[in-house]
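Quick notes on the structure that follows.
The values are calculated or read from the model by the stated rules, or taken from the named source; none is laboratory data. Computed from a prediction, not measured in an experiment: that's the story for all the values here. Here the Cβ positions follow ideal geometry from the backbone for every residue, glycine too, while neighbour counts run over all protein chains shown.
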Amino acid sequence: MSQAEEIAFQGREERRDQPRTARSRRTTFRATLFRNELHTTFRRWRTLALLAVLAAVPILVGIAVKIETSDGSSTGGGGGGGGPAFISQITNNGLFLVFTALAATLPFFLPMSIGVVAGDAIAGEANAGTLRYLLVAPAGRTRLLLTKYATVMTFCLVATLVVALSALTVGAVLFPLGDLTTISGTQITFTEGLGRALLIALVVAASLTGVAALGLFVSTLTNSGIAAMATTVGLLITVQILDQIPQLHALQPYFFSHYWLSFADLMREPVYWDDLVKNLGLQALYAAVFGSAAWARFTAKDITA
Amino acid sequence: MDQPSATEPDPEGSDDGAGGDAGGDRSVIRTRGLTKRYRGGQLAVDGLDLTVPAGSVFGFLGPNGSGKTTTIRMLMGLIEPTSGTARVLGRPMPRASRDVLPQVGALIEGPALYGFLSGRDNLVRYDAADPTADPRTRTTRVAAALDRVGLAAAAGKKAKAYSLGMKQRLGLAAALLQPRSLLVLDEPTNGLDPQGMREIRSLVRELASDGTTVFLSSHLLDEIEQVCTHAGVMARGRLITQGSVADLAAGARGRLVVTTPDTAETARVLKEQGVGDVVIAEDRVTSDPPDGELSDINAALVTAGVRVRGFAVERASLEDAFVALTGEGFDVAG
């Protein structure tokens, strides 16, 4: 679900719940809480620290590749868990650092930071006691939950773009840029390569919406922000491990992380869509299931914190 | 009950919105059989029939753990009652939360703030959460609220650097962001120094004189006596009594207090004079007030050689009323 859809949905909710309030004024006030929530989230030291860590990953990968290849040799295939066939190309074209960095952060760093932000979304407010004042303001439970989800989704996008932009900058500084070769072996121009990189970043961000919904649901279950964050990150690690156990192959297509690395298929010519579509469908399913569960839980919950 | 009121031309700001209630009196808060049983079976609030008249300063009194906060949370739509109904400003809670709560300012179980935000930004955030608050007047309203609680100078400081008293003031400021029909203040003077307490009390009186109904919970009896016109007394989840403060205090008799070093002798003389319930406490002997002439008692004491340092009938306080009602002290419920 895109962010625009989220906000539209939020608007519908408000109109349904408050039929008696002036509608024209309401439309101008609708996004106020969302804007304030973004402002509050991105002013937290913790959020900025997470983004700084994410920005540092491409720098480290870039420097490591540069040092490794300074004697003229090429990097060995698949070094450093860099994902499919990207890392060895970095020395030829800095743009590949974007793909490598996203492949390196998607399994853990990105979803972990999403888990922290999503897990803290409701539980953190409950822990600080601010939740009761937001609800008495009255923020409205559905409106607050949708605002929180929209904010976590925005964080997914921002976090992914931070990795991509940091990688692009480091790649441009340390390595040459130019036309590039796809996984299928065809040549595409640098501009088209940039377009693919942006598309990949968007797909990576969308891949995180399932974890975001899961984290938000966990966040409605407890009044401890730390517990919610730890549970979400713990689930993330557990699922990643289970995804490696061959005996569970029947279940694995339902793990939110199973198709994450399918974004590499966007670098094929022609693009291989099957796994990409499965990934996005799976994320939508997680968002729907855990989003509904979070809503059911949060709207019926006694706020005692 | 909900439908007819939805067609009223001006549902906002009408204090007498209790029109649909039986009796049709001007009550701002009205609960009937309000009950909350937490999971695990603990009965926190038991069949509460509370009526808060419009324009009153209502003291909600009871020891810690008597169910005051649970009641307030039910009134504010944070907790779903197990049974019974609650109407606030004439509308059912929690169903009408979105229409009722913008007219209610609340301080519940102490302030809660975002430590990494300045005092001003904390208020901006709470104001942004209210869908009826106009963003165009936000800056002015936030500044006015900060000024009203005496925090204008500290508005730019991060809230984590605030003292407990300053946090309490900021919580109050959040309740005053808009003109309110009802203010719910749960222990508003907690953590304040005596000067701060006086300021809050005068603020409460000022707000009440503007016509705002104030629902003030406290475990401090003298606080309730000083500012409230009405009071309700809670103990172990039940509402023991409610009414005007004068009526409640009148229900209890005063006490004769003799201050003297010769306590044993005093007690003997008092009993001789036929007064009941003589209690010795350090250098004070207290008893029920005598039926006859006070000066006769004093004369008898002096004749018996008792060194009388103080002799007075103390007016009945709410605490006496409370003790008379519950037959127990004002301690934390078990």
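Only a single item in (1) in the same structural domain as B:VAL308 (by the TED database); (2) touching a Leu at 6+ places or on another chain (Cβ under 7 Å); (3) of a type in the set (S, T, N, Q) is not met by B:THR259, and it is number (2). Candidates are the residues of the range B:134-146 that are assigned to a helix (DSSP H, G or I) and within 14 Å of chain A (Cβ to nearest Cβ); the one that is surrounded by the fewest Cβ atoms within 10 Å (Cβ to Cβ) is B:ARG136.
Looking at A:GLY129, A:GLY115, A:GLY119, A:GLY124 in this structure, which one is within 20 Å of the chain's Cα centre (by Cα) and within 14 Å of chain B (Cβ to nearest Cβ)? None of the other options fit; the residue is A:GLY124. Condition (residue is of a type in the set (Phe, Trp, Tyr), at pLDDT 90 or above, surrounded by 14 or more Cβ atoms within 10 Å (Cβ to Cβ) and part of a helix (DSSP H, G or I)) applied to the range A:264-286: is it met by at least one residue? Yes, the conditions are met somewhere in the range A:264-286. Within the range B:100-133, the set of residues being more than 8 Å from every other protein chain (Cβ to nearest Cβ), out of contact with any Asp or Glu (no Cβ under 8 Å at 6 or more places or on another chain) and in a strand (DSSP E or B) comprises B:GLY105, B:SER118. List every residue pair whose Cβ atoms lie under 6 Å apart, where the two residues are 6 or more positions apart in sequence or sit on different chains, the first residue falls within the range A:237-253 and is in contact (Cβ under 8 Å) with a residue 24 or more places away in the chain, and the second residue, located anywhere, is surrounded by 12 or more Cβ atoms within 10 Å (Cβ to Cβ). Every condition considered, the pairs that remain are A:GLN240/A:SER257. With respect to the conditions (1) assigned to a strand (DSSP E or B); (2) over 30 Å from B:ARG148 (Cα atoms), B:ALA264 falls short on a single one, namely (1). A single entry from B:ARG30, B:ARG39 fulfils the requirement of being more than 20 Å from B:MET234 (Cβ to Cβ), modelled with pLDDT of 75 or more and either outside any helix (DSSP H, G or I) or in contact with a Cys (Cβ under 6 Å, 6 or more places away or on another chain) (or both): B:ARG39. If you filter the range A:133-142 down to residues that are facing chain B (nearest Cβ under 7 Å) and in contact with an Asp or Glu (Cβ under 8 Å, 6 or more places away or on another chain), you find that the one that is modelled with the highest pLDDT is A:LEU134. Applying the criterion of being among the charged types (D, E, K, R) and surrounded by fewer than 18 Cβ atoms within 10 Å (Cβ to Cβ) to the residues of the range B:153-196, the residue that is modelled with the lowest pLDDT is B:ASP193. All conditions but one from (1) in contact with a Lys or Arg (Cβ under 7 Å, 6 or more places away or on another chain); (2) aliphatic (A, V, I, L, M); (3) part of a loop (DSSP other than H, G, I, E, B) apply to B:VAL45; the one that does not is (3). State all residues of the range B:274-287 that are part of a loop (DSSP other than H, G, I, E, B) and either aliphatic (A, V, I, L, M) or surrounded by 16 or more Cβ atoms within 10 Å (Cβ to Cβ) (or both); if no residue qualifies, say none. The answer is B:VAL275, B:VAL278. Among the residues of the range B:59-93, those that are more than 10 Å from every other protein chain (Cβ to nearest Cβ), within 21 Å of B:ARG26 (Cα to Cα) and either without any contact (Cβ under 8 Å) to a residue 60 or more places away in the chain or part of a loop (DSSP other than H, G, I, E, B) (or both) comprise B:GLY84, B:THR85, B:ALA86, B:LEU89, B:GLY90, B:MET93.
Only one of the listed residues (B:VAL149, B:VAL124) is surrounded by 17 or more Cβ atoms within 10 Å (Cβ to Cβ) and within 25 Å of A:THR47 (Cβ to Cβ). That residue is B:VAL124.
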